[in-house]
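For reference, the structure discussed in these notes is given below.
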Amino acid sequence: MPPAAVPAVGARIRQARLERGTGLRALAREIGVSASLVSQIENGRSQPSVSTLYAITTALGISVESLFDAGTPAAAAPVTAAPPGTAPHALAAFAADPGRRIGPVVTPDEREVLELDSGVVWERLGHVPGTDVDFLQVTYRPGGASSSSGGLMRHSGTEYGCLTSGELILTLGFDEHTLRPGDTVCFESTTPHRYRNDGAVPATGIWFVSPDVVQ
């Protein structure tokens, strides 16, 4: 998987934290992790898990998609109506540069890639200016999971996915589902959920997350 150049996630998180005047220990307390872990993430010694990344960006009021944009500082996420305690969806509005087009054709070696500490790889597949959606190829390596702690996550939007290879376990609320190639999912992302790969080969799929529509 030949990733395109992606900025240092930790440095951009630190920049956003300092811009908002939030102390390292205060951020750690707010998201329920150790100050040492936040420091390691900011210094590039550790990559966050999916759930930790959601928690950090929510606490700092930035969008995760801004972490992909190498040429632009992390920007404040647009304010939308969302249930209390939820996180923004993964790569929605490209708030750092909403006019930037990715495509119309993106080859595999042109994709921007973000690798997370919990064994998950996000590849951004494209973006049309003026739209507000996530379009990702997501790979869960063997043993990978959206939360390294085993906890469930929730965020705004509606989630659609199609598994193309491997097997993936989806915990959705109180139910557990085994996804196999060709299986699809769709649910409100505010429902507590977690993905994990218990198999010996990577599990890969195409995910599309549409944001909440505010009337």
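The values are calculated or read from the model by the stated rules, or taken from the named source; none is laboratory data. Note that this is a predicted model, so its numbers are computed, not measured. We place every Cβ from the backbone using ideal geometry, glycine too, and count neighbours over all the protein chains shown.
Things to note:
- Test: residue in segment 90-106 that is within 15 Å of the chain's Cα centre (by Cα), within 26 Å of Pro142 (Cβ to Cβ) and modelled with pLDDT under 50: yes
- Yes/no for Ser34 being under 18 Å from Ser147 (Cβ atoms), in contact with a Ser or Thr (Cβ under 9 Å, 6 or more places away or on another chain) and hydroxyl-bearing (Ser, Thr, Tyr): no
- Arg111 being at pLDDT 80 or above and of a type in the set (D, E, K, R): yes
- Options Gly166, Gly144, Gly150; residue that is at pLDDT 90 or above and at positive phi: Gly166
- Top-ranked residue in segment 169-215 [being closer than 20 Å to Arg124 by Cα and aliphatic (A, V, I, L, M); ranked as modelled with the lowest pLDDT]: Val209
- Scanning segment 111-142 for residues that are under 11 Å from the mean Cα position of the chain (by Cα), of a type outside the set (D, E, K, R) and either assigned to a loop (DSSP other than H, G, I, E, B) or within 13 Å of Ser49 (Cα to Cα) (or both) yields Leu114, Leu116, Val120, Val121, Trp122.
- Just one of the listed residues (Leu172, Leu179, Leu116, Leu152) is in contact with a strand residue (DSSP E or B) (Cβ under 9 Å, 6 or more places away or on another chain) and within 26 Å of Ile102 (Cα to Cα), namely Leu116.
- Hits in segment 158-210 - residues which are part of a loop (DSSP other than H, G, I, E, B) and crowded, with 18+ Cβ neighbours inside 10 Å: Gly166, Ser189, Thr190, Asn197
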